[in-house]
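Down below is the structure, laid out as structure tokens.
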Amino acid sequence: VQLQASGGGSVQAGGSLRLSCAASASIFSGRTMYWYRQAPGEQRELVAGITSTGSTDYAESVKGRFTISRDNAKNTVFLQMNSLKPEDTAVYYCKAERSGFRPIYWGEGTLVTVSS
């Protein structure tokens, strides 16, 4: 497995979770890392992204609640999720991409369930 996501689980609304996605050095280095999510019956959507130099971007629905970060020494990207809502329930996936380059790498998903 080239990207390994972990950290999902079940939490009550208002709670927090921290997702991790570990990659091999050859995949992680120089690539923008993303978190996506897919709720049941919905399309996969972009949650957050972080460039290799640390610039970040977020979906409007998670701004102020989620924080993406990366540890380049450990080839790992994180998603700190606070103030979770039931609508955050989804399978979360990490992706590694370098503009103009192929392939794009996807990790296996990790399930986040938020109960009201």
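The values are calculated or read from the model by the stated rules, or taken from the named source; none is laboratory data. Keep in mind that what you see is a predicted model, and the values were worked out from it rather than measured. Quick reminder, even Gly has a Cβ in these numbers, built from the backbone with ideal geometry, and neighbours come from all protein chains shown. Heavy atoms of the whole protein, side chains included, go into the accessibility calculation; ligands, DNA and RNA do not. Shrake-Rupley method; radii C 1.70, N 1.55, O 1.52, S 1.80 Å.
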Check: From the residues in the stretch 66-116 that are open to solvent by 60 Å² or more (accessible area, probe 1.4 Å) and of a type in the set (Asp, Glu), which one is modelled with the highest pLDDT?
Finding: 87
Notebook entry, point to check: Condition test on residue 96, is it without any contact (Cβ under 8 Å) to a residue 24 or more places away in the chain and either assigned to a strand (DSSP E or B) or among the small types (Gly, Ala, Ser) (or both)?
Noted result: no
Item checked: For residue 24: the one exception among (1) more than 20 Å from residue 106 (Cβ to Cβ); (2) over 11 Å from the mean Cα position of the chain (by Cα) -> (1)
Check: Scanning for something touching a Lys or Arg at 6+ places or on another chain (Cβ under 8 Å), at negative phi, surrounded by 15 or more Cβ atoms within 10 Å (Cβ to Cβ) and modelled with pLDDT of 95 or more, does the stretch 7-15 turn up at least one residue?
Finding: no
Checklist line | The listed residue being under 17 Å from residue 78 (Cβ atoms), touching a strand residue (DSSP E or B) at 6+ places or on another chain (Cβ under 9 Å) and at pLDDT below 95, out of 27, 50 | finding: 27
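Yes or no, residue by residue, for (1) out of contact with any Asp or Glu (no Cβ under 6 Å at 6 or more places or on another chain); (2) closer than 18 Å to residue 17 by Cβ; (3) among the hydrophobic types (A, V, I, L, M, F, W, C):
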{"position": "45", "(1), (2), (3)": "yes, yes, no"}
{"position": "66", "(1), (2), (3)": "yes, yes, yes"}
{"position": "82", "(1), (2), (3)": "yes, yes, no"}
{"position": "88", "(1), (2), (3)": "yes, yes, no"}
{"position": "94", "(1), (2), (3)": "yes, yes, yes"}
{"position": "100", "(1), (2), (3)": "yes, no, no"}
{"position": "112", "(1), (2), (3)": "yes, yes, yes"}
